[in-house]
Amino acid sequence: MPWPKRRKQKKRRARQKNPKTSSSRSSPPQLSPPWVELPLEITADILQRVGVIDILKNAQRVCSTWWKVCHDPVMWRVIDMINDVNSDLRYDLDKIEMCKVAVDRSQGQLVKINIENIGDIDLFNHIAERSSQLRHLRLVRCHCIIFGCLAAAAKNFPLLEELHLYFSVISYNDMEVIGHSCPMLKSFTSNAYGFLGFSPPRYLCDDQALAVARSMPELRHLILFGNILTNEGLQAILDGCPHLESLDVRHCYNLSLEGDLGRRCKQQIVDLKLPHDSTYGYQFDADIFDHSSRGADYSDQSSDYSVSDDDVHWLSDTSVGHRDHDDHNDYYD
């Protein structure tokens, strides 16, 4: 009878001498973070809401599961790259590199991209070379397109259906090149900086309107906000774009639509916004600027712009077009 008692005492002493053994047996197994157990499609949906910048800087480094999801080309079929309009040059270059990485990860599957307040010729060339499936392009304050890079890139976007340009100046020649290069274009926006003047000399020009009429016959939706077209240009658009369903010509104060042209617009267009219609709820600042007060030196926004060699060099030199830092590789990690 005493033997069992001694054995119990020996086991008790053994536990006291080796506390690690007892604690390891009693501690629960280490569990994976709860988000790792989510289906991959739900994880992808959550990460897409985080945004390109946070994905490349932070989210992809959280765990191996997120790293895998963040490198899936499906994640990058839609890219939304928004930059602070007041950011400094270094931050702009950083965003451009991140946008390139996002385009690379799409592996040719990119169908929709929105770029705001950044961009250079090198970026548009990068997108054009890798995004032949692109269908939707939206640009806000991408000033480099004045140098023809968008028109050149559009030749690689044969499937493009929507093009929206806000506060991004474009010549009528480039507009026509884009129209001919993208025969499936169904929705086009050109949002100018503001109506060009109420006081003499008034600016009247139909070059952009005629470019639309000649090159975009499949349009269903057209916005020419703040344009300086006249009734003649609008007439050409109605003739050249017979499938047009919606037309926004707010702030186009050279138009006079009280007569036959106005009646035709109301008969042909289902959704019509006239020059003096309210801009309540418009997504951007819709203030009206009297640019004519600047005098005759202010150039016509619809004319073809003459670009000097110095201007082109400024956009393509090492400070903007080519970079010596390794940020592009950093985001591939």
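The values are calculated or read from the model by the stated rules, or taken from the named source; none is laboratory data. Remember, predicted model here, so these are calculated numbers, not experimental data. Here the Cβ positions follow ideal geometry from the backbone for every residue, glycine too, while neighbour counts run over all protein chains shown. Only protein heavy atoms, including side chains, enter the accessible area calculation; ligands, DNA and RNA are left aside. Shrake-Rupley method; radii C 1.70, N 1.55, O 1.52, S 1.80 Å.
Residue by residue, here is whether (1) under 20 Å from Val140 (Cα atoms); (2) touching a Ser or Thr at 6+ places or on another chain (Cβ under 6 Å); (3) open to solvent by 50 Å² or more (accessible area, probe 1.4 Å) holds:
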position: Leu222; (1), (2), (3): yes, no, no
position: Phe225; (1), (2), (3): yes, no, no
position: Leu229; (1), (2), (3): no, no, no
position: Leu238; (1), (2), (3): no, no, no
position: Cys265; (1), (2), (3): no, no, no
position: Leu272; (1), (2), (3): no, no, no
position: Tyr280; (1), (2), (3): yes, no, yes
position: Phe284; (1), (2), (3): yes, no, no
Out of curiosity, is Thr43 of a type outside the set (A, V, I, L, M, F, W, C) and modelled with pLDDT of 80 or more? no
The conditions are (1) within 28 Å of Gly108 (Cα to Cα); (2) of a type in the set (A, V, I, L, M); (3) at pLDDT 95 or above, and Ile170 fails exactly one of them. Which is it? (3)
Criterion violated by Ile113 - all others in (1) in contact with a strand residue (DSSP E or B) (Cβ under 7 Å, 6 or more places away or on another chain); (2) more than 18 Å from Pro73 (Cα to Cα) satisfied: (2)
Please determine whether any residue of the range 20-35 is modelled with pLDDT of 70 or more, of a type outside the set (A, V, I, L, M) and over 18 Å from Val140 (Cα atoms). no
Tell me yes or no: at least one residue of the range 114-128 is in a helix (DSSP H, G or I), under 19 Å from Arg49 (Cα atoms) and open to solvent by 20 Å² or more (accessible area, probe 1.4 Å). no
Just one of the numbered conditions (1) more than 25 Å from Ser168 (Cβ to Cβ); (2) open to solvent by 60 Å² or more (accessible area, probe 1.4 Å); (3) in a helix (DSSP H, G or I) is not true of Gln109; which one? (3)
